[in-house]
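First comes the structure, then the notes that go with it.
The values are calculated or read from the model by the stated rules, or taken from the named source; none is laboratory data. None of the values given here were measured: they were computed from a predicted structure. Cβ placement follows ideal geometry from the backbone for every residue including glycine, while neighbour counts extend to all protein chains displayed. Keep in mind that these areas ignore ligands, DNA and RNA; they rest on the heavy atoms of the full protein, side chains included. Shrake-Rupley method; radii C 1.70, N 1.55, O 1.52, S 1.80 Å.
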Amino acid sequence: DVKVTQSSRYLVKRTGEKVFLECVQDMDHENMFWYRQDPGLGLRLIYFSYDVKMKEKGDIPEGYSVSREKKERFSLILESASTNQTSMYLCASNSGLAAGNSPLHFGNGTRLTVT
Amino acid sequence: DQQVKQNSPSLSVQEGRISILNCDYTNSMFDYFLWYKKYPAEGPTFLISISSIKDKNEDGRFTVFLNKSAKHLSLHIVPSQPGDSAVYFCAATSVYNTNAGKSTFGDGTTLTVKP
């Protein structure tokens with residue numbers, strides 16, 4: 001069974017701090033994604049990656065960066081955290097280069113609060 | 001412009017009755033549609049999907065219907081059970097475009113099934 005693990009369930013950070021959210025998947029999936037979930041806004045794509053060292057901007061990349069040095073690991077970085085980045089962050093993965101019909105496997109999320 | 005819309009934020013049904021969750025999309029390039037279910041404090045999990053070459057897909061108590069001309073899909077749950085109480089997300093993607101695997105999500109509908 002596919003497992004996507006996010007390193008922290010809850011994080012509280014101060015405005016201006018640099019924040020790292022880590023995600024690891026154990027099924028050798030090519031594709032990895034970072035979404036944020038906010039009430040009334042659904043899931044919005046921040047960044048995604050189709051391969052090691054490769055990244056693509058999603059719909060709301062401003063204020064974020066990512067790193068994918070190994071196939072199984074995809075990190076989301078908040079360079080200088082702000083209160084409007086308080087949210088639930090969800091990592092996901094799926095397989096294949098033409099993976100439109102491959103369901104996403106999600107981690108359990110990281111609830112980030114920026115004060 | 002929100003490309004995938006779930007116009008009902010919430011739905012309440014009695015146990016044993018049918019639950020119908022609706023989803024509309026605007027982008028004609030979408031050709032694959034998925035439903036995910038999310039319990040509190042967990043990540044979304046894949047429930048059922050449908051390709052645009054079909055108009056119906058069934059899996060046990062869950063059936064998804066697709067009306068391409070209306071750009072509308074619906075998820076039917078029969079009979080509804082209290083354990084079905086969750087947030088349901090509709091997602092759309094394209095198998096063939098260069099960003100295959102990048103799903104666009106609706107805002108979600110919270111289903112409550114009353115015993």
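Here are the numbers:
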{"item": "One residue from A:69, A:62 being open to solvent by 70 Å² or more (accessible area, probe 1.4 Å) and either facing chain B (nearest Cβ under 9 Å) or assigned to a strand (DSSP E or B) (or both)", "result": "A:69"}
{"item": "Cross-chain or 6+ apart pairs with Cβ under 9 Å, the range A:1-22 first and closer than 14 Å to residue A:109 by Cα, then aliphatic (A, V, I, L, M) and open to solvent by 40 Å² or more (accessible area, probe 1.4 Å)", "result": "A:3/A:24; A:3/A:27; A:4/A:24; A:4/A:27; A:5/A:24; A:6/A:24; A:7/A:24; A:9/B:41"}
{"item": "Filtered residue count, the range B:4-38, keeping only those that are in a loop (DSSP other than H, G, I, E, B) and either without any contact (Cβ under 8 Å) to a residue 40 or more places away in the chain or more than 10 Å from chain A (Cβ to nearest Cβ) (or both)", "result": "10"}
{"item": "Count - residues of the range A:11-36 that are open to solvent by 40 Å² or more (accessible area, probe 1.4 Å) and within 10 Å of another protein chain (Cβ to nearest Cβ)", "result": "1"}
{"item": "Subset of the range A:59-88 [of a type in the set (A, V, I, L, M) and under 21 Å from residue A:4 (Cβ atoms)]", "result": "A:60, A:66, A:76, A:77, A:78, A:88"}
{"item": "Residue that is surrounded by the fewest Cβ atoms within 10 Å (Cβ to Cβ), among those in the range B:39-56 that are within 14 Å of another protein chain (Cβ to nearest Cβ) and more than 20 Å from residue B:109 (Cα to Cα)", "result": "B:53"}
{"item": "Sole exception among (1) within 14 Å of another protein chain (Cβ to nearest Cβ); (2) part of a strand (DSSP E or B); (3) at pLDDT 95 or above for residue A:93, by number", "result": "(3)"}
{"item": "Tally of residues being of a type in the set (A, V, I, L, M, F, W, C) and at positive phi across the range B:16-64", "result": "1"}
{"item": "Among (1) assigned to a strand (DSSP E or B); (2) surrounded by fewer than 21 Cβ atoms within 10 Å (Cβ to Cβ); (3) in contact with a Gly (Cβ under 6 Å, 6 or more places away or on another chain), the one test that residue B:90 misses", "result": "(2)"}
{"item": "Evaluation of residue B:78 against (1) among the hydrophobic types (A, V, I, L, M, F, W, C); (2) away from chain A (no Cβ under 14 Å); (3) without any contact (Cβ under 8 Å) to a residue 40 or more places away in the chain (one fails), failing number", "result": "(3)"}
{"item": "Scope the range A:72-90; condition assigned to a loop (DSSP other than H, G, I, E, B) and not polar (S, T, N, Q); matching residues", "result": "A:72, A:79, A:81"}
{"item": "Selection count, the range A:37-59, where residues are within 14 Å of another protein chain (Cβ to nearest Cβ), assigned to a loop (DSSP other than H, G, I, E, B) and of a type outside the set (A, V, I, L, M)", "result": "7"}
{"item": "Tally of residues being within 20 Å of residue B:42 (Cβ to Cβ) and open to solvent by 40 Å² or more (accessible area, probe 1.4 Å) across the range A:38-57", "result": "4"}
